[in-house]
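I have placed the structure first, in the form of C-alpha cells, so that the comments after it can refer back to it.
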Amino acid sequence: MKPDLHYEFQSIFNSTEAPRTFFAPGRINLIGEHTDYNGGHVFPASISFGTYALARKRDDQRLRFYSLNFAHTGIIECDLSDLSNNEVHDWANFPKGMIKFMGESGYAISSGMDILFYGNIPNGAGLSSSASIEMVTGVLLEGLFDLDIERLQMIQLGQQVENNYIGVNSGIMDQFAIGKGKKDHAILLNCQTLDYQYAPIQLNDHVIMIINTNKQRTLAGSKYNERRAQCEQALADLQQELTIESLGDLTNEQFEQHKHLIQDKTNRQRAKHAVYENQRTLEALQQLQQGHVEAFGRLMNESHQSLQLDYEVTGIELDTIAQTAWEQPGVIGARMTGAGFGGCAIAIVEKNQVDNFKDNVNRIYHSKIGYEATFYTAAIGDGARELTEGVL
Ligand code: GLA
C-alpha cells in the first residue's frame, strides 16, 4: 500500500506548505530488445507502477532530496551551484543530473527545492526505475518553474543524464516510453528517426504478467556497455563495404549476405540478434494489428531465444522463467524484458490460467534457483505527468 505521501513530505521537510505531486511510470518492452542503440525499432509501454515526486520551491539555492525507498540515506542535500556527480549522493545523482542538464540547456531553475520521492517499481529489475526518476524530475521542473520544454527534448536530456552523467551508454527507449506513454497502448518507435506510432494493446481474455526473477542487476556494472561496443564494431566492419548508418538498416537477407565482413565471431552473433530482432519487432506490430496474438507470442519467444543464444544477456534465472512459462497452459508468449542479466520477464497469459501459471512457474523456479520469483499483472498507463488533487 502506498504511504501517505503528503504527510511524509510535511514531516520530513518540516513544512506546512502543500507540495505539488508528479508521477513518472516504469516501462515494459513487449519486443525489440537491444535494438534502440542499434538504430532499430522497439515496442515498449509505460506501466502503472512508477515514481512519485512531491516537490516545492525553496527561497534559497538548497536542494534537499529524500526517498522513502532509501530512507537509510536520509535527506541528501546540495546546492544548485554544484550539481556535479557525487558518489556520496547515491541515488540522488539521478535527479541532480536532470536538474543540471535541464539548467544547462537554458531552462531557468531559479531556486532550490525540497523533493520527496517514492517508487513502487522494484529497483534494478529492468523496469526502468532510473529513467522513471529522471523523467519525474523532468516533469516536476517543467511544472514548478513553468518551463516551456518539448517532451522530446526532455526525453533526450534524460538519456544524456544516463549516458554522460551516470555513465551507462543506454539508448533512448526507456525515457521515450516513460515520457510519451499512453494508457492501453504500446509505442512502436523507430530509434533512428524517432518516428513513432501508438498501437492499442487489447488482449481480450489475456493479461500481461511481469515476473521479477529477484536477481538484482546493476546496469552500470553489467555487460551492457560491452554489448553496445561489440555492435558498433560489427557495424564498422560492415561499413567497409556497405553504406549503412546502423544495423537497423539491414534486412535479415542483407545481413546473411554480408555477415562475413564482420571479423569477430562473437560480434557477428551480436549483430545477428540486432538485425533479426528489429525485423521481428516490425512483424510483431503487423501481427498485433491483424489480431494475431498467437503469432505475436511466437515472436516474443523467438526474441528470448535470440537474446539467450546470440546476444547472451539472459542468464539461468530469466531462462528458467521463460522456458517454464512456455510450457504452461494458456501462455501465448514469454520473454525477458529490458536490459537482461537478471531483472524481469513478461508473459502473455490467459486470464483464467493466471493463478495456475503463478503457482507452477514459481514452484519450478524456486526448486531450480533456490528463491522465489514475484508476479505482477501489468496495467499500461499514461506517461510522465503532474497529478492533480484526488488522483494520488
Ligand atoms: C536498457 C536500456 C535501453 C535498452 C534496453 C535493452 O533498458 O536503458 O536503452 O537498450 O536496456 O533493450
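Readers should treat all values here as calculations from the given coordinates under stated rules, not as data from a laboratory. Please read these numbers as outputs of a predicted model, since none were measured by experiment. As a convention, Cβ positions derive from the backbone with ideal geometry for all residues, glycine included, and neighbour counts pool all protein chains shown.
Structural remarks
- Gain in span if fully extended, Glu77 to Glu312, counting 0.36 nm per residue against the direct Cα distance: 80.6 nm
- A run of the chain free of exposed loop cleavage sites, with GluC sites (Glu not before Pro) counted only in DSSP states other than H, G, I, E and B and at most 15 other beta carbons within 10 Å, reaches its longest extent at 18-149.
- Once you reduce the stretch 320-392 and the stretch 86-112 to the center of their Cα atoms, the two points are 34 Å from each other.
- Nearest 10 degrees, 0 to 90: helix 354-369 Cα axis against the chain principal axis: 80
- In nm, spacing of pseudo-spin labels at Glu17 and Ala379 (7 Å Cα→C-beta vector): 3.3
- Nearest-ten-degree value, helix 129-144 long axis tilted from longest Cα axis of the chain: 40
- Calculated FRET efficiency for the pair Asn252/Ile369, C-beta based, R₀ 41 Å, to 0.05: 0.75
- Residue with peak Gaussian network fluctuation, the chain [Cα springs, cutoff 10 Å], from Gly26, Gly181, Gly330: Gly330
- Over the chain, dividing the summed -39,500 (n - 2.57) contributions of all DSSP H runs of at least 4 residues by the number of residues returns a 222 nm mean residue ellipticity of -12000 deg cm²/dmol.
- Per-residue extension of 0.36 nm, minus the Cα-Cα distance of Asp195 and Thr266, leaves a gain of 22.5 nm for this segment.
- Net dipole in debye of the chain [+1 Lys, Arg Cβ; -1 Asp, Glu Cβ; about Cα centre; nearest 20]: 540
- Considering only Ala45, Ala325, Ala177, the Gaussian network model of the chain with Cα springs below 10 Å gives its largest mean-square fluctuation to Ala325.
- Label-point separation in nm, Tyr7 to Thr243, each point 7 Å along Cα→Cβ: 6.7
- Here the gap between Asp146 and Asn120, fully extended at 0.36 nm per residue and compared with their Cα-Cα distance, gives a gain of 6.6 nm.
- For the stretch 16-120, the residue among Ala18, Ile109, Gly50 whose Cα projects farthest onto the positive side of the dipole built from Cβ charges is Ala18.
- Cα centroid of the stretch 195-252 to Cα centroid of the stretch 119-150, whole Å: 22
- Each Lys and Arg Cβ is given +1 and each Asp and Glu Cβ -1; about its Cα centre, the stretch 221-308 then shows a dipole of about 340 debye.
- Note on Phe70 and Asn86: their simple-model spin labels are 1.4 nm apart, each label 7 Å out from Cα toward Cβ.
- Cα long-axis angle, helix 224-238 against the chain (0 to 90 degrees, to the nearest 10): 50
- For the chain, a Gaussian network of Cα nodes joined below 10 Å ranks Pro25, Pro122, Pro200 by mean-square fluctuation, and the top entry is Pro200.
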